[in-house]
1. Working with all protein chains in place, sort Ser209, Ser28 by solvent-accessible area computed with a 1.4 Å probe, largest first.
2. Note the angle between two axes, namely the Cα long axis of helix 112-125 and the longest principal axis of the Cα atoms of the chain, as a number of degrees from 0 to 90, rounded to the nearest 10.
3. Within the set of other residues whose C-beta is less than 13 Å from the C-beta of Glu272, count the net charge using Lys and Arg as +1 and Asp and Glu as -1.
4. With a ≥ b ≥ c the root eigenvalues of the C-alpha gyration tensor of the chain, is it rounded (a/c under 1.5), prolate (a/b larger than b/c) or oblate?
5. Cα axis of helix 64-75 to longest principal axis of the chain: angle in degrees, 0 to 90, nearest 10?
6. Give, in nm to one decimal, the length gained when the segment between Thr259 and Asp20 is fully stretched (0.36 nm per residue of separation minus the Cα-Cα distance).
7. Note the full-extension length gain between Ala251 and Ile222 as 0.36 nm times their separation in residues minus their Cα-Cα distance, in nm to one decimal.
8. Can you give me the accessible area per residue for the chain, using a 1.4 Å probe, in Å²?
Amino acid sequence: MRVMLIVNPFATATTAAGRDALAHTLSSRFSLDVEHTTHRGHAGELARRAVAEGVDVVLVHGGDGSVNEAVNGILGPPDQVPDPSRTVPSLGVIPGGSANVFARTLGILADPLAATGQIIGLLESGECRRIGLGHTQDRWFLFNTGMGMDAVVVHAMEDKRHAGKPATPARYFRTTVASFLRNATNKASFTVEVPDHEPIPGVQFGFVSNTSPWTYFGDYEIRTNPTTGFDTRLGLFAATSTGVARNLPLAARLLTHRTPKGGHLYRDDDVEWVRFRAEEPIDVQMDGDYIGAHVAVDFGHRADALAVVAPGADSLK
């Protein structure tokens, strides 16, 4: 079995010794090609090469951003008609970032060396599953994307990481609270459209999920769309206010795993498509990466889009 291991050496939770240990372990079992990323987008370039060279499995040791890049490299643009004769590698993830939302949702162990042993066992037993993915016209997303407040937080966190500050849960929490307080009077909004429903105007932050949880706060799951999963269509969570008074009760429900609800909230856990339309550019994030400010974004879903090396869905219940 040919395996390409794509390593992001700058990921939050990786070390040189740890990377060497997991590469040594994998090379004792498989024909292994180890590649280190050097720039943004490099994981996608390497994954495209893996497809061209007929690699069987692409393993990514890094954070959610690196995994997103690799998936986009493996599958190609969503608006491109799939070639039925084209064989693409399966994807495996060895956690290396600060959140590792995708890997954790798949049931992959948090410790990189333990995850490596788990991945080896899954590969040798042939255990693999197919999952659905969300997408825009030109890009796939794995677990969530959003316009408005969550993208503002992601943008602020990226600025802090570039300044050399680690992405800890406490820093995410402080940044989230500060962003809500700073933007409580911000009137920028957009309209959300979904099938079989009147357009929802005045939305100030909206999340589109491909699975649940939406994210983790340390070890704590945050579920905006509890019944959305890799085997359903998309989840939508759209709020028409960033006001502290209206969102504190909503935050309390999210933190206590109660069904999210509020007079300013529209939620659906299984929609075919979602459209965001704004008059002025608003920040957008995708799988925890800031992707700029946009006035129009269309989201769709494709079932069984990707083969992943992961425990079966039934074993995670």
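1. Per-residue accessible area, sorted high to low, gives Ser28, Ser209.
2. Taking Cα atoms only, the helix is inclined about 70 degrees.
3. On the way: positive: Arg233, Arg275, Arg302; negative: Glu193, Asp196, Asp268, Asp269, Asp270, Asp298.
That works out to -3.
4. Values: a/c = 1.83, a/b = 1.55, b/c = 1.18.
Verdict is prolate for the chain.
5. So the inclination is approximately 70 degrees.
6. Numbers: separation 239, 0.36 × 239 = 86.04 nm, distance 4.37 nm.
Full extension of this stretch gives 81.7 nm more.
7. Stretched out fully, the Ala251 to Ile222 stretch lengthens by 9.5 nm.
8. Value returned for the chain: 45 Å² of accessible area per residue.
The values are calculated or read from the model by the stated rules, or taken from the named source; none is laboratory data. Since we're looking at a predicted model, the values are computed, not measured. Here Cβ is always computed from backbone atoms with ideal geometry, including for glycine, and neighbour counts include all displayed protein chains. We work out accessible area using only protein heavy atoms, side chains counted, and drop any ligands, DNA or RNA first. Shrake-Rupley method; radii C 1.70, N 1.55, O 1.52, S 1.80 Å.
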